[in-house]
Amino acid sequence: MIVGIDLGTTNSLIGAMDAGFPVLFADKDGGRLTPSLVFIPDEGEPVAGRQAAQHAEAIFSVKRQMGNAKVESNREGGLLKKAIAPEEVAAVILKKLKADAERASGQPVERAVITVPAYFNEAQRAATKRAGELAGFTVERLLSEPTAAALAYGLDRLGEKSKVAVYDFGGGTFDVSVLELGEGVFHVLSTHGDTHLGGDDLDAALAAKFGISRAEAADGKKDPSGAGFSESDFSATCLSIIERTRGHCLRSLHDAGLKAGDIEEVILVGGVTRMPLVREFVREVFGREPNLSQHPDEAVALGAVIQAGILDGSVQNVTLLDVTPLSLGIETFGGLMNVLIPRNTTIPCKAGEMFTNAAIHQEAMKISILQGEREMAADNWKLGEFSIPFTPAARGLVRIGVQFELDANGLLHVLGRDVATGDDITFAIRSAVEVSDEAVEKMLADSLEHAFEDMDDRQFVEAGLKADEMLPAVDTALQRLGSAVTGEEREAVAAWVEKVTEAREARSLRRLKAALGGLDAATEPLAARLVEAVMDGKL
Amino acid sequence: MKDCFALLGVPQRPLLDEKGLKSAYFRLAAECHPDAEGGDTDKFRELQEAYQTLKDPVFRLRHLAGVVFDSLGDSSRPSPQSDLFLQVGQVLQATKAFRLRREKSQSALARAVMISEGVKVREELGAVTEAVEQALREARVALGLLDKRWPRVAPEELLTLASGWRYLTRWQTELSGAEFGLMLEA
Ligand SMILES: Nc1ncnc2c1ncn2[C@@H]1O[C@H](COP(=O)(O)OP(=O)(O)OP(=O)(O)O)[C@@H](O)[C@H]1O
Ligand SMILES: [Mg+2]
């Protein structure tokens, strides 16, 4: 038996195929949802789920830290006595789920499919796999969450052909995927997302807005009027977060080569999609009623179970063609990213590149592996750096082949081959964690050093740039708005303009900053009126 | 040279029925996907590559020229439609400059002043995008005509169409990328 697990930011679930149907297991309290909370006592065994919830010092949302070196704070924001790796914390949750499954099924459970946000990068995926192994599982597959939800949706619609989008807004992560279903094949066309965007962010924004605790906010968003939130404040605060999913939806459609109108169903999953505001938003973006047929908390776990069934043969005639969310490449000489596997390539896949030596005495070639969508190498994640040794030869004679292989988990394997000798060299991707610790410290140290050196100068230059931008903008705004500006407003603006000019001539940073602040405030109503006028088509 | 048409079991010609191609791909993918019984990762990757080649008209035409005529074309690629090329270049530069200025902008007033300019930039982008899409529609017609004459077609014809098409799709991607930038950063 292979189990399917949804390791969620807020809630986790486990299940397995039973007589041809995916089922989820309940724990001994009878609940199928296990809160993703972990409490690590000073002495004794760590606990997860409802048992951990009783402790104020429990660790929450550890999933958002996967791929980082350490978890340092608990639910209350207090520092942990001993920092611990996120995968070790996640392993406590997985162990609890494993025990639940063994109790419910009456048999030992060793193999698992675990879901990950589609937009998880290499480090985050590797950490999740490691968490599974620490909990005593053989991790048979890492499966993307929206793909899992699509499996749950499509299992009893195998005969139909359709294009669907899955909008998965959970406690900590957001993903959107576009798929094509037909003839038993689930073909992911594109995926986008944000691994740090979810209900947690809504909670934080609401807590800040209404001056309440995070836990109160989490409950309050389920029943805003009951919590006494003013409706307009509540929706404005939430929408500022929800709006951040728009670009991902549009990009995902674009990458799939589709328009919103081509999508036949938009499937909602994730607890946050229970909010009427989110449903309204999705309706607007995709121009159709969202499909609510899937259980928002359970669809992903059911999909993981189905994938487990595909692997152990209990589900037949279903094929999943998933993609890699992020481009993979190497750094070129100019510090640019050279893409070898573009994002949204179907996995498993392979790509290679040949390199040659640039000088006679060269004995090794250094290759940096990158993941991400940015043009500059430095703006992407660096997954690792390898040095491939070879016997020196005349320039251009050494030929080294580097091959990238993405497996079905979306995990990368790199192989180097010296073409002359036929020697293969495989590399383990050094986890990004080890790299980052020192690197981050050094980066911090560097930036601090420079920061003190020239702080005042730089600030004055910056303030000057702002003045250069504002003064002409003031002229344009006054001219465009004409009689819509009162005499009083004009005077106030003129007075601040004069102060800005004076402060600049006097080269006083303090005065310049103050004057710019004043000018900002005085022109605020003008800016608002300009925006309004453009929106109304008056300008 | 391996023959992607044969691998997918579709007719060797310029225009392919999209549905038939996809259906063949789905059927074969289900057979050789590593998760399937008797699946084979290397075969799956090969299929993947073949499908990517045939799905895209540019790669398909080049592949056809290679397989049928053993012709990969000479390296001197025909130049793109020059007036359209200029238009695309200009509007992309204007957009980039505008986005940069807006990104650097530090005051609400300056951003407000820029809004109507942004609308204009977007309109220009839209007009050029439409011109590129029109050219793509024409390329599709040309493909249909080639297909009608098949196999009485010279390899250069395939390669010329492929190369013009390639410019158009690349421009289309850049233009829509620029439009996204304008829209989403606002
Ligand atoms: N009725 C509701 N209204 C608003 N929000 C809700 C409601 N029910 C649950 N939520 C929110 O949904 C989130 C949890 O959703 P879910 O269980 O899908 O997340 P998860 O799977 O644990 O997280 P992720 O998939 O991001 O890792 C929490 O932020 C919770 O507050
Ligand atoms: Mg989830």
Condition first: away from ligand 1 (no atom under 15 Å from the Cβ), assigned to a helix (DSSP H, G or I) and assigned by TED's automatic domain parsing to the domain that holds A:Asn68. Can you find one or more residues in segment A:158-176 that meet it?
no
Can you go through A:Asp168, A:Asp175, A:Asp201 and tell me which one is of a type in the set (D, E, K, R), surrounded by fewer than 22 Cβ atoms within 10 Å (Cβ to Cβ) and either within 16 Å of ligand 2 (Cβ to nearest atom) or modelled with pLDDT under 95 (or both)?
A:Asp201
Pairing a residue in segment A:194-215 that is more than 17 Å from A:Asn11 (Cβ to Cβ) with any residue that is among the hydroxyl-bearing types (Ser, Thr, Tyr) and more than 16 Å from ligand 2 (Cβ to nearest atom), where Cβ atoms lie under 6 Å and the two sit 6 or more apart in sequence or on different chains, gives A:Ala205/A:Thr237; A:Leu206/A:Thr237; A:Lys209/A:Thr237
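Does any residue of segment A:178-194 turn out to be more than 21 Å from B:Ala29 (Cβ to Cβ), surrounded by fewer than 23 Cβ atoms within 10 Å (Cβ to Cβ) and within 16 Å of ligand 2 (Cβ to nearest atom)? Spell out the reasoning first.
Going through segment A:178-194, the residues more than 21 Å from B:Ala29 (Cβ to Cβ) turn out to be A:192-194.
Within this subset, residues satisfying the condition of being surrounded by fewer than 23 Cβ atoms within 10 Å (Cβ to Cβ) are A:194.
Those left that are additionally within 16 Å of ligand 2 (Cβ to nearest atom): A:194.
Yes.
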So, in segment B:23-42, exactly how many residues are more than 7 Å from chain A (Cβ to nearest Cβ) and touching a Phe, Trp or Tyr at 6+ places or on another chain (Cβ under 8 Å)?
2
Out of curiosity, is A:Val139 in contact with a helix residue (DSSP H, G or I) (Cβ under 6 Å, 6 or more places away or on another chain) and part of a strand (DSSP E or B)?
yes
Hand me the list of strands (runs of 3 or more DSSP E) wholly inside segment A:322-428 holding 3 or more residues that are more than 29 Å from the chain's Cα centre (by Cα) and closer than 22 Å to A:His248 by Cα.
none
Go over the candidates A:Ala218, A:Ala207, A:Ala227 one by one and state the one that is touching a helix residue (DSSP H, G or I) at 6+ places or on another chain (Cβ under 7 Å), within 16 Å of ligand 2 (Cβ to nearest atom) and either under 30 Å from A:Ile59 (Cα atoms) or not assigned by TED's automatic domain parsing to the domain that holds A:Phe60 (or both).
A:Ala218
Return the residues of segment A:293-302 that are more than 12 Å from ligand 1 (Cβ to nearest atom) and surrounded by 22 or more Cβ atoms within 10 Å (Cβ to Cβ); say none if nothing qualifies.
A:Leu302
Scan segment B:109-126 and tell me whether some residue there is within 17 Å of B:Leu16 (Cα to Cα), away from chain A (no Cβ under 14 Å) and aliphatic (A, V, I, L, M).
no
Could you tell me how many of the residues in segment A:214-251 are among the small types (Gly, Ala, Ser), more than 12 Å from every other protein chain (Cβ to nearest Cβ) and in a helix (DSSP H, G or I)?
8
When both residues are 6+ apart or on different chains and their Cβ atoms are under 8 Å apart, which pairs have a first residue that lies in segment A:1-30 and is more than 14 Å from ligand 2 (Cβ to nearest atom), and a second that is of a type in the set (Asp, Glu)?
A:Met1/A:Asp312; A:Ile2/A:Glu140; A:Ile2/A:Asp312; A:Met17/A:Asp312; A:Phe25/A:Asp100; A:Ala26/A:Asp100; A:Asp27/A:Asp100; A:Lys28/A:Asp100
Is it the case that segment A:144-151 has a residue that's aliphatic (A, V, I, L, M), touching a helix residue (DSSP H, G or I) at 6+ places or on another chain (Cβ under 9 Å) and either within 20 Å of A:Ala48 (Cβ to Cβ) or surrounded by fewer than 19 Cβ atoms within 10 Å (Cβ to Cβ) (or both)?
no
Examine segment A:447-458 for a residue that is acidic (Asp, Glu), modelled with pLDDT of 75 or more and more than 33 Å from the chain's Cα centre (by Cα), and state whether such a residue exists.
no
In this structure, is A:Ala123 on the phi < 0 side of the Ramachandran plot and either surrounded by fewer than 24 Cβ atoms within 10 Å (Cβ to Cβ) or free of Cβ contacts under 8 Å to residues at least 40 places away in the same chain (or both)?
yes
Residue count, segment A:43-81 (criterion: modelled with pLDDT of 85 or more, over 25 Å from the mean Cα position of the chain (by Cα) and charged (D, E, K, R)):
4
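The values are calculated or read from the model by the stated rules, or taken from the named source; none is laboratory data. Please read these numbers as outputs of a predicted model, since none were measured by experiment. Here Cβ is always computed from backbone atoms with ideal geometry, including for glycine, and neighbour counts include all displayed protein chains.
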